[in-house]
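Novice: My structure is below; once you've seen it, I'll send some questions.
The values are calculated or read from the model by the stated rules, or taken from the named source; none is laboratory data. Predicted, not measured: the structure shown is a model, and the values here were computed from it. Here the Cβ positions follow ideal geometry from the backbone for every residue, glycine too, while neighbour counts run over all protein chains shown.
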Amino acid sequence: MPPGSTVDEMIATVRADAGSDDALDQLAAASRSVAELEEVADAALSYFVDQCRRRGRSWSEISKALGVTKQAAHKRFSYTPATLERFTPRARALLPGAVSEALRLGHDNVGNEHILLALFTDSESIAAKVLAEAKITQATVERRILEANRRGSSTNEAPPFTGEATECLEKAVVEALRLGHNYVGTEHVLLALFANADALAAQILTEAGATHDELRDRIVEKLVGLIHSRPQS
């Protein structure tokens with residue numbers, strides 16, 4: 001039996017929310033309520049799927065519990081941000097890159113620290129160049145990660161993104177908008193790593209002497225330089 005209100009209680013709530021006796025107004029209110037309930041239910045289901053993944057349960061086991069195919073479960077609950085269409089190809093590559101870093105270190109989850117490691121993969125990206133200028137190396141970052149979370153032996157074929165990592169990718173959109181950009185690049189993801197000061201990636205960057213504002217200024221300088229270096233039409 002599903003939790004929550006009975007049908008009669010829900011009908012009464014919808015009528016109260018509609019604030020009108022008009023049937024169409026009540027239908028519109030009902031539609032909004034159902035959409036909200038579906039969103040909450042989906043979020044709750046995603047939470048329990050994530051808990052299963054964190055505990056090493058396979059997609060086959062999860063799909064069986066959900067009563068759907070493995071492919072359907074993986075497609076619905078694997079991390080695919082709604083804002084991914086704003087990401088540049090290099091920024092999109094950070095997702096599988098971060099997963100690869102987590103797998104390489106034998107970690108069960110993909111955290112901000114793995115996103116930071118993935119930023120070094122493409123040496124031609126803005127983020128990688130800014131990190132190099134700030135004297136922050138991949139070796140230093142990896143060593144600090146392993147000090148905090150030693151190398152494991154996880155066999156999780158698709159480690160889930162942590163809530164912090166998901167938030168970082170969402171914050172990258174905010175960083176892009178703050179700079180007046182209509183795209184999300186690796187540089188915006190780098191800045192977003194500072195959003196959660198308690199996350200390991202932010203701690204590593206701070207310990208290395210980097211600050212959000214300093215890296216932002218470096219990024220802006222590089223972008224301006226790229227614009228000026230383009231041949232004039």
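Novice: Quick check on segment 141-179: of everything there that is under 21 Å from R104 (Cα atoms) and of a type in the set (G, A, S), which residue is surrounded by the most Cβ atoms within 10 Å (Cβ to Cβ)?
Specialist: Checking each candidate, the answer is A165.
Novice: Among the numbered criteria (1) under 21 Å from the mean Cα position of the chain (by Cα); (2) within 16 Å of S100 (Cβ to Cβ), which single criterion is violated by A201?
Specialist: (2)
Novice: Could you grab me the full set of residues in segment 125-137 that are in contact (Cβ under 8 Å) with a residue 24 or more places away in the chain and either in a helix (DSSP H, G or I) or over 16 Å from E214 (Cβ atoms) (or both)? Outline the logic, then answer.
Specialist: Narrowing segment 125-137 to residues in contact (Cβ under 8 Å) with a residue 24 or more places away in the chain: 125-131, 133-136.
Listed by number, the residues that qualify are S125, I126, A127, A128, K129, V130, L131, E133.
Novice: Before we move on, is R150 without any contact (Cβ under 8 Å) to a residue 40 or more places away in the chain and under 21 Å from R55 (Cβ atoms)? Outline the logic, then answer.
Specialist: Values: without any contact (Cβ under 8 Å) to a residue 40 or more places away in the chain: yes; under 21 Å from R55 (Cβ atoms): yes.
Here the answer is yes, as R150 does meet what is asked.
Here's the yes/no breakdown for (1) polar (S, T, N, Q); (2) at pLDDT 75 or above; (3) surrounded by fewer than 13 Cβ atoms within 10 Å (Cβ to Cβ); (4) under 30 Å from N149 (Cα atoms):
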| residue | (1), (2), (3), (4) |
| --- | --- |
| R15 | no, yes, no, no |
| A18 | no, yes, no, no |
| S31 | yes, yes, yes, no |
| V34 | no, yes, yes, no |
| D50 | no, no, no, yes |
| S60 | yes, yes, yes, yes |
| Q71 | yes, no, yes, no |
| Y79 | no, no, no, yes |
| A93 | no, yes, no, yes |
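Novice: Just checking, which of E175, E170 is touching a strand residue (DSSP E or B) at 6+ places or on another chain (Cβ under 9 Å), more than 23 Å from A139 (Cα to Cα) and not hydrophobic (A, V, I, L, M, F, W, C)? Give the derivation first.
Specialist: Working: E170 fails: touching a strand residue (DSSP E or B) at 6+ places or on another chain (Cβ under 9 Å).
The conditions single out E175.
Novice: Any chance you could count how many residues in segment 209-233 are closer than 22 Å to A134 by Cβ, at pLDDT below 95 and among the hydroxyl-bearing types (S, T, Y)?
Specialist: Result for segment 209-233: 1.
Novice: Does L215 satisfy the criteria of being over 28 Å from Q51 (Cβ atoms), of a type in the set (A, V, I, L, M) and surrounded by 13 or more Cβ atoms within 10 Å (Cβ to Cβ)?
Specialist: On the way: over 28 Å from Q51 (Cβ atoms): yes; of a type in the set (A, V, I, L, M): yes; surrounded by 13 or more Cβ atoms within 10 Å (Cβ to Cβ): yes.
Yes, satisfied.
Novice: Are any residues in segment 183-202 without any contact (Cβ under 8 Å) to a residue 24 or more places away in the chain and surrounded by fewer than 18 Cβ atoms within 10 Å (Cβ to Cβ), and if so, which ones? Outline the logic, then answer.
Specialist: So in segment 183-202, the residues without any contact (Cβ under 8 Å) to a residue 24 or more places away in the chain come out as 194, 197-198.
Result: A197, D198.
Novice: Of V220, V224, which residue is exposed (fewer than 12 other Cβ atoms within 10 Å of the Cβ) and over 22 Å from the mean Cα position of the chain (by Cα)?
Specialist: Values: V220 fails: exposed (fewer than 12 other Cβ atoms within 10 Å of the Cβ).
From the options V220, V224, the qualifying one is V224.
Novice: Would it be correct to say that R55 is modelled with pLDDT of 70 or more and over 30 Å from H107 (Cβ atoms)? Give the derivation first.
Specialist: Values: modelled with pLDDT of 70 or more: yes; over 30 Å from H107 (Cβ atoms): no.
It is false that R55 is modelled with pLDDT of 70 or more and over 30 Å from H107 (Cβ atoms).
Novice: Can you find even one residue in segment 97-114 that is modelled with pLDDT under 95, over 20 Å from A195 (Cβ atoms) and of a type in the set (V, I, T)?
Specialist: Yes, the conditions are met somewhere in segment 97-114.
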